[in-house]
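One structure is given below, encoded as structure tokens.
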Amino acid sequence: MHDWSEILLRLGVAALAGGALGLNRDLHGKPIGLRTLSLVSLAAATIVILSDGSDLSGHFSDATSRVIQGILTGIGFLGAGVIYQAEGHSRIRGLTSAACTWLTACVGILCGAGQWQIVAVALAITFVILTTGGPTERWLHRALGGKVDPRGSEGTDSSSEASRQPPGK
């Protein structure tokens with residue numbers, strides 16, 4: 001079992017590193033940003049901690065490893081289903097929702113493995129990212145001279161429902 005400080009360090013640094021890369025991409029006008037890449041990096045780190053057998057009481061069988069690989073591959077298709085480009089807009093929408101979908105699968109895997117400490121830290125970091133990520137992105141855009149999108153820098157996963165259109169509509 002990992003101790004709390006090691007889990008917090010690993011997952012926290014992963015989220016911060018992913019966020020830094022996301023901010024860079026967002027400032028360069030790419031359709032991905034701080035929240036999305038923070039969540040993707042956090043999700044990947046949770047699975048690496050889980051699969052790191054050095055601190056776990058038991059190791060995964062080959063069958064369990066294949067199941068985890070299948071889940072993570074398959075969930076990517078589900079996440080892709082929530083990503084779309086809104087008609088009449090150049091912004092791509094749904095990237096943060098797709099990242100949340102993948103992270104949710106990772107948390108489910110952790111729950112299945114009984115890794116409650118990792119689950120607790122991952123969820124805490126996730127909620128910090130989701131609640132403070134948008135305002136942080138907008139503030140950093142202003143501070144660093146990037147173009148501020150009033151709907152949010154990732155095409156607004158947090159915009160009003162009225163502005164959302166499903167693909168093909």
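The values are calculated or read from the model by the stated rules, or taken from the named source; none is laboratory data. Small disclaimer: the values here were computed from a predicted structure and weren't measured. Using ideal geometry, Cβ is built from the backbone for each residue, glycine included, and neighbour counts are taken over all protein chains shown.
Values as computed for the structure displayed
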| item | result |
| --- | --- |
| Given (1) buried (at least 20 other Cβ atoms within 10 Å of the Cβ); (2) closer than 20 Å to ALA20 by Cα; (3) under 11 Å from the mean Cα position of the chain (by Cα), number of the condition CYS106 does not satisfy | (2) |
| Residue pairs meeting the criteria (Cβ under 8 Å; at least 6 apart or on separate chains; first of a type in the set (Val, Ile, Thr) and surrounded by 24 or more Cβ atoms within 10 Å (Cβ to Cβ), in the stretch 31-50; second in a loop (DSSP other than H, G, I, E, B) and at pLDDT below 90) | THR36/GLU154 |
| Residues satisfying the stated conditions in the stretch 3-18, i.e. modelled with pLDDT under 90 and under 13 Å from the mean Cα position of the chain (by Cα) | GLY18 |
| Test: residue in the stretch 103-112 that is in a loop (DSSP other than H, G, I, E, B) and either in contact with a Pro (Cβ under 7 Å, 6 or more places away or on another chain) or farther than 19 Å from VAL13 by Cα (or both) | no |
| Considering residues of the stretch 119-136 that are of a type in the set (A, V, I, L, M, F, W, C) and buried (at least 19 other Cβ atoms within 10 Å of the Cβ) only, the residue farthest from HIS2 (Cα to Cα) | ILE129 |
| Count of the stretch 1-30 residues which are without any contact (Cβ under 8 Å) to a residue 40 or more places away in the chain and of a type in the set (Val, Ile, Thr) | 1 |
| Residues satisfying the stated conditions in the stretch 109-133, i.e. of a type in the set (S, T, N, Q) and more than 14 Å from the chain's Cα centre (by Cα) | GLN115, GLN117 |
| Residue that is on the phi < 0 side of the Ramachandran plot, without any contact (Cβ under 8 Å) to a residue 60 or more places away in the chain, loosely packed, with under 12 Cβ neighbours inside 10 Å and out of contact with any Asp or Glu (no Cβ under 9 Å at 6 or more places or on another chain), where the choices are TRP116, TRP139 | TRP116 |
| Count - residues of the stretch 71-102 that are exposed (fewer than 15 other Cβ atoms within 10 Å of the Cβ), without any contact (Cβ under 8 Å) to a residue 60 or more places away in the chain and outside any helix (DSSP H, G or I) | 3 |
